[in-house]
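Please read the structure below before turning to the comments.
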Amino acid sequence: MEVPLSLSLQKHPFVQSQTHELKHWNSIIKHHTKLKDDLAILTTYTQMESLGILPDTATLPLVLKACGRLQAIEKGKKLHNSISSTNLASDIRVQTALVNFYSKCGMLQNALNVFDEMTERDVVSWNAMISGCVCCYEYQKALRLFSQMQKGNLKANSVTIVELLQVCGELLELRSGKEIHGYSLRHGLFNTNPHVDSSLIGFYLKFDPWIASLVFQTLASRNTISWNTMISGYINHGDFLKALKLFILMLNEGFKCDSITMLVVIQACAEFGDHGLGMQVHQLVIKFGYNNMHIVNSLVNMYNKYADLKSSYELFTSIPTKDVALWNSMLSCYVESGLINESIHLLNKMQLEGIKVNERTIVIILPLCANLSNGLINGKSLHAYAFKIGKERNKHIGNSLVNMYTLLNCVEDATKVFNKMKDIDVISCNVFISALANNKLKVQSCEIFTKMLELEIKPNSQTITSILSAFDGIDLLKFGKSIHGYVMKCGIEIDASLNTALTEMYINCEDESMGMRVFEEFPEKDLISWNSLLSTYIKNNQPYKTLLLFHHMVTRVKVKPNFVTIINILSLYTHLSNLPQGKFLHAYTLRRFSLLNYDLPLVNAFITMYSRCGSLEYAENLFNVLPKTNLISWNAMIAGYGMHGNGDEAMLTFSKMVKQGFTPNRVTFISALSACSHSGMIQKGLHLFYSMIQDFGITPELVHYNCLVDLLARGGLLNEAKNVIDTMPMAPDAATWRALIVGCRVYSDTHLAKTAFENLIELEPKNPGNYVLLSNIYAASGLWDEVKSLRLILENKGLKKPAGRSWIVIKSQLHFFAAGDKSHPQSETIYRKLTSLLTFVKEMGYVPDLRWVLHDEDDERKMVRISCHSEKLAIAFGLINVSGGSRILITKNLRICGDCHEFSKYVSKLSRRMIIIRDATRFHHFVDGLCSCKDYWKQFQFFWVKIFIPLIDMTRQFSIGSNNLGCICFSNPLAIQHPTIDMSSSQNSSASIGMQE
């Protein structure tokens, strides 16, 4: 840096006015040196220079040292040039000072040039040059200089030893370090100089804390520095208990700790996790009077580690003058605790008090943006501020910006930030690869990995773990194997996380045998590894293998499951509608974990399981006995009521939630809008959509618009639904058009259905379910030529219609049925029972509705087809095998057809049994001839809602205009692989909505 020449010389006690006498100027420089005021030293020299006075050999080194500390490169070089033709240039003290100056400024070659020109060198000169090499990370040069120094018969002193021990530590040269240790013993440097003693302890700590502790114990006289070094060493090795025990020993032996001791001990307390011990250390801080900002900062972070936000905040507010680091620490506490509003309030308060936001503040705040309704706007504001202060290309801010844009689904913006970043490192690449992989951008993530290798940035295990998460198809198996080979070749450590990633990659890429081999050969499998493997099998639609693996894990390997394991298996039972096994798992969990009600994520998972397995009353009971609920609990109940067609209860639960102080989020409104859609509550749904924006400040995402389209389409407002699609602020996705087509199916609008279909196949040309949707609409309208044309397209494209399947659980066994299927062992009994049922219900008034047979054939063949649909077979099987009075729960992978719906109503009345059918969109409870859906889904209902047009205009105002990606607002059971029956459905499971057999 350059020192301003305009600074005036302050009055000095020895000088009343300027004088040309050198001794007075020297005394001024020496005085400033004692005060450690480097800026004043250079200011004094500037005034001397203007008067033509040069410092002498005593003070010139002081000026050069000040230049080095202030990085005043130009000033130092100018000074060097000014003395080059004088005798000062050959003075050993001045030359040593020049070596030191150039080294401190990172100009090692200049330092070496000066050193080489020296005709006389002493140990101080050699130390300066060796230290310069260490400062510039030229460790091998430092060792060579030491060898040359010894050849000159100069003995190393304590400064030399300290520098050399640092070199050996950095190079991990244990043998060389031991030799220097021996040299210190022979020349009496050990146990006589505290800096040498501490450096030796620090050196051995890089290899083995036990050896370091032996050196520490042999010290004749320990001091605070050696105690601090030893305590810090244990902390760096993760042995926090030993660090704390050593601190207690230090106090017991009467040694006085300093502020550095307290900093490292506070860190040990935070990591060890003992709240009581941490409070005692805090009391010691107060007792010893160490109240500097660094210690306060550490205490704030320590209490945050204990989840004691109250103590963190009380400590923070007790400090009258806070620096930006302390504000950042408190902000970090709030952000890590998920307190969004408090974080924003504190940030505003920080700015009002005149504290300037720095790069650390931006890094802390950026992750918040993903949780804000206007997060993209706030994120871009922070981005603009970073640009304004010239930190946009800073890698820490860049990494945070990439992460923020990714969380907000703005991958293009994330890419722009990454491409502009300077000095990208492995962390930068890991963040971006993870972002791309999470967004299923496989090719782009592979390109960044290749770019890393080209830039010679060495990937680590986290890099490999991130990129492997994007591999999910057989087409990527070859590339996945090459990455595995790269890991082996480069000796990248395969830890538990990387082993799990490799296992998942092979299974996802359809090489299960290799995946299991990688898993089984890893010696350090832990519970996390097992949980990940279970999750992988679930995601790959292999329920039986998942259950066998779970059984093997618990009974053979004796790995005790935790809550994550339970949630994994529970999700499987939920998708299979396996209520009996879900209940068994609930009982097991109660026995295994007595405090079940205190683990909200697990209880919420059980609430969801019971809701989706048709036992809403069990879900209600669990919810009602919870001592404490969270937003996810309420969302689970609202979704449950909606799925069961109980829209009124869903709305009542929504109101109770708000009254209890919970703020609904985007997921809440997805569940609530879906509930309105399933129950035909169009006007309520529109009011809810309006309230989401107006009352809760949530900008609608694509998924919310999809719910709105579904709500209107199901209610017969097809033109209005199309108007929403045309005017919403983002491009529709496949789910949007599918929701519209389902409405067209109910209300036989073939023209609008064709328009929606044309848009749908542009987005999903290879999804056979989309073609079947339109085919069904044409078939229902008798347009058989169009049906044949669509079926021919399917055949030519090599696509296959997803088969309709129904299943029922009896005594924990899954029984599957397809239309006309006779593979079941009880097939003859089932068909006899079904024939009997058809006879009786026809006498009661049931008339088969042949319009649901979507084939161009005579009525007799249609009658045969419609009489053996999969849900009818499952009902017959259930009545045979489920004990009298018990409900019958059936699950279907497609939407129930209108005829089976009518048949189920009659059978429920005939048998006096409750029949529950869960299809691709909702539950149907059939009791005494009625269905819980009140036949809404197939009735023609038409409303003109006055609020609708202003609503669409209003949503435009609140939209941020981003192209948000959403997911469809309905859940569909996983396609199931049965040993003998193919249960796989379409590529997009949501395409089954609106499809019948």
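Every read-out reported here was derived from the displayed coordinates using simple, explicitly stated rules and does not represent laboratory data. These numbers were taken from a predicted model, which means no experiment stands behind them. Note that we place each Cβ from the backbone using ideal geometry, even for glycine, and neighbour counts take in every protein chain shown.
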³J(HN,Hα) across segment 462-474 via Karplus (A = 6.51, B = -1.76, C = 1.60, θ = phi - 60°), whole Hz, x for Gly/Pro?
5, 4, 5, 4, 5, 6, 5, 5, 8, 8, 9, x, 4
In nm², what is the average projected area of the convex hull enclosing the Cα atoms of segment 355-475?
7.9 nm²
Can you compute the helix-only [θ] at 222 nm over the chain? Use -39500 (n - 2.57) per DSSP H run of at least 4 residues, normalise by all residues, nearest 500 deg cm²/dmol.
-20000 deg cm²/dmol
Segment 106-145: C-alpha gyration tensor shape, a/c 1.5 cut-off, then a/b vs b/c
oblate
Report, to two decimal places, the Cα Rg of segment 694-841 normalised by 2.2 N^0.38 Å (N = number of residues).
1.35
Taking all pairs of different Cα atoms in the chain, averaging 1/r and flipping that mean, what Kirkwood radius in angstroms comes out?
34.5 Å
Label points 7 Å out from Cα along the Cβ direction at Lys349 and Ala325: separation in nm?
2.2 nm
Once normalised by the length of segment 624-723, the mean sequence separation of its alpha carbon contacts under 8 Å that are 6 or more apart gives a contact order in percent of 24 percent
For the table Lys442/Lys800; Lys65/Lys349; Lys391/Lys451, the rows whose alpha-carbon distance is greater than 30 Å are Lys65/Lys349
Folded to 0 to 90 degrees: helix 174-186 orientation relative to the chain principal axis, Cα:
30 degrees
Expected vector for segment 419-435, Karplus 3J(HN,Hα) from phi with 6.51, -1.76, 1.60 and θ = phi - 60°, integer Hz, x for Gly and Pro, equals 5, 8, 5, 9, 6, 5, 10, 5, 5, 4, 5, 4, 4, 6, 4, 4, 4
Nearest 10 degrees, 0 to 90: helix 579-592 Cα axis against the chain principal axis:
40 degrees
Theoretical FRET efficiency, 1/(1+(r/R0)^6), r = Cβ-Cβ of Leu249 and Ser886, R0 51 Å, to 0.05:
0.15
Grab the beta carbon distance between Asn113 and Lys416, set R0 = 41 Å, and tell me the FRET efficiency rounded to 0.05.
0.40
Considering only C-alpha atoms, what is the centroid distance from segment 317-389 to segment 569-592, in Å?
43 Å
So Leu930 and Glu74, fully extended at 0.36 nm per residue minus their Cα-Cα distance, gain in nm 299.0 nm
Note to self: Kirkwood Rh of segment 260-340, Cα pairs, one decimal, Å, is 12.5 Å
Linear extension gain, Glu271 paired with Leu22, 0.36 nm per residue minus alpha-carbon span
84.0 nm
Could you please report the charge total around Gly680, scoring K, R as +1 and D, E as -1 over all other residues with beta-carbon less than 9 angstrom from its beta-carbon?
+2
Hydrodynamic calc, segment 790-840: Kirkwood Rh from Cα pairs, then Stokes-Einstein at 20 °C with viscosity 1.002 mPa s, so D in µm² s⁻¹ is 157 µm²/s
Amide H contacts under 5 Å for Phe923, restricted to residues at least 5 apart in sequence or on another chain and with H modeled in the peptide plane, are His644, Gly645
A correct Karplus calculation of ³J(HN,Hα) over segment 248-261, with 6.51 cos²θ - 1.76 cosθ + 1.60, θ = phi - 60°, whole Hz and x for Gly and Pro, returns 5, 4, 4, 5, 5, 7, x, 7, 8, 8, 10, 5, 5, 4
Using Cα pairs closer than 8 Å and at least 6 residues apart in sequence, work out the relative contact order for the chain, in percent.
6 percent
If you count, for each residue, the other Cβ atoms within 10 Å and average over each peptide, how do 222-230, 787-795 line up from highest to lowest?
222-230, 787-795
Distance in nm between label sites at Leu284 and Leu455, each 7 Å beyond Cα in the beta-carbon direction?
4.4 nm
Which cross-chain or sequence-distant (5 or more) residues have an amide H under 5 Å from the amide H of Arg805, H modelled 1.01 Å from N in plane?
Asn893, Leu894
dims of segment 71-194, Cα set, principal axes, largest to smallest, nearest Å -> 45, 25, 25
For a protection proxy built on the mean count of beta-carbon atoms within 10 angstrom, sort 430-438, 129-137 highest first, please.
430-438, 129-137
Can you tell me the Rg and Dmax of segment 565-675, counting just the alpha carbons, in angstroms?
13.4, 38
Name the long-range amide H neighbours of Ile890: under 5 Å, sequence gap of 5 or more, or other chain; modelled H, no Pro or chain starts.
Ile916, Ile917, Arg918
So which lysines pass the test for Lys822, namely a Cα distance under 16 Å, with those fewer than 8 places away in the same chain ruled out?
Lys833, Lys872
Put a dot 7 Å past each Cα toward the Cβ at Tyr385 and Lys800; how far apart are the dots in nm?
5.7 nm
Förster radius 60 Å - calculated FRET efficiency between Met844 and Glu359, Cβ distance, rounded to 0.05
0.20
Over segment 435-524, how many percent of alpha carbon pairs lie in each 5 Å bin up to the one with the longest distance?
3, 15, 26, 29, 18, 8, 2, 0
